[in-house]
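Take a look at this one; I'll ask things after.
The values are calculated or read from the model by the stated rules, or taken from the named source; none is laboratory data. Nothing here was measured: the structure is a model prediction, and the numbers come from that model. Every residue, glycine among them, receives a Cβ derived from its backbone with ideal geometry; neighbour counts consider all protein chains shown.
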Amino acid sequence: MRIKKNDQVIVLSGNYKGKKGKVLKVFPEENRIIVEGVNFIKRHTRPSQQNQKGGIVEKEAPIHVSNVMVICPKTGVPTRVGHKVVHDDKLKKDIRVRIAKKSGEMLP
């Protein structure tokens, strides 16, 4: 999976198409991610120690990773993610880094 936690992504399809947000959680086994402010569901909860009132709680649900694209940090447009091997002089070894395909910019 090429999308990581804290990446800025844009939703490509579905009810939240065009919405941007930060990746909060990644589920690589299911190829799903949770994006901040996207795909809200209503959960009916009982009163408990943490939630004294109970009631209806809105929270984000996972969406499939194929429905989002990473936003390039340099240009601000959606881009595919690639990998590149660069040599690090401090560590004296090669490191595999993620890059934005459109601009060639390294992703954090």
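Suppose we filter Ile99, Ile56, Ile34 for residues that are surrounded by 15 or more Cβ atoms within 10 Å (Cβ to Cβ), farther than 16 Å from Lys19 by Cα and without any contact (Cβ under 8 Å) to a residue 60 or more places away in the chain; which single one remains?
Ile99
Quickly run through region 85-103 and pick out the residues that are more than 25 Å from Val11 (Cβ to Cβ) and assigned to a loop (DSSP other than H, G, I, E, B).
The answer is Asp89, Lys90, Leu91, Lys92.
If you check Val65 against the conditions, is it assigned by TED's automatic domain parsing to the domain that holds Ser13, surrounded by 12 or more Cβ atoms within 10 Å (Cβ to Cβ) and more than 22 Å from the chain's Cα centre (by Cα)?
No.
If I filter region 1-59 down to residues being of a type in the set (A, V, I, L, M) and within 21 Å of His83 (Cα to Cα), which single residue comes out as modelled with the lowest pLDDT?
Restricting to residues being of a type in the set (A, V, I, L, M) and within 21 Å of His83 (Cα to Cα), the top hit is Met1.
Search region 1-20 for residues being closer than 10 Å to Ile71 by Cα and of a type outside the set (A, V, I, L, M, F, W, C), and hand back the single one that is surrounded by the most Cβ atoms within 10 Å (Cβ to Cβ).
Across region 1-20, the extreme among qualifying residues is Asp7.
Looking at Ser66, is it closer than 29 Å to Met106 by Cα, assigned to a loop (DSSP other than H, G, I, E, B) and either touching an Asp or Glu at 6+ places or on another chain (Cβ under 8 Å) or of a type in the set (Gly, Ala, Ser) (or both)?
Against the criterion (closer than 29 Å to Met106 by Cα, assigned to a loop (DSSP other than H, G, I, E, B) and either touching an Asp or Glu at 6+ places or on another chain (Cβ under 8 Å) or of a type in the set (Gly, Ala, Ser) (or both)), Ser66 does not qualify.
Here's a follow-up. Got a sec? Which of Gly76, Gly82, Gly21 is over 11 Å from the mean Cα position of the chain (by Cα) and not in a loop (DSSP other than H, G, I, E, B)?
It is Gly82.
So, one more: Is there any pair with a first residue in region 38-53 that is touching a residue at least 24 places away in the same chain (Cβ under 8 Å) and a second that is among the small types (Gly, Ala, Ser) and assigned to a strand (DSSP E or B) whose Cβ atoms are under 9 Å apart and which are 6 or more apart or on different chains, and what are they?
Pairs that qualify, where the first residue is touching a residue at least 24 places away in the same chain (Cβ under 8 Å) and the partner is among the small types (Gly, Ala, Ser) and assigned to a strand (DSSP E or B), are Val38/Gly21.
Being among the aliphatic types (A, V, I, L, M), within 16 Å of Arg2 (Cβ to Cβ) and surrounded by 12 or more Cβ atoms within 10 Å (Cβ to Cβ): is that true of Val85 here?
It is false that Val85 is among the aliphatic types (A, V, I, L, M), within 16 Å of Arg2 (Cβ to Cβ) and surrounded by 12 or more Cβ atoms within 10 Å (Cβ to Cβ).
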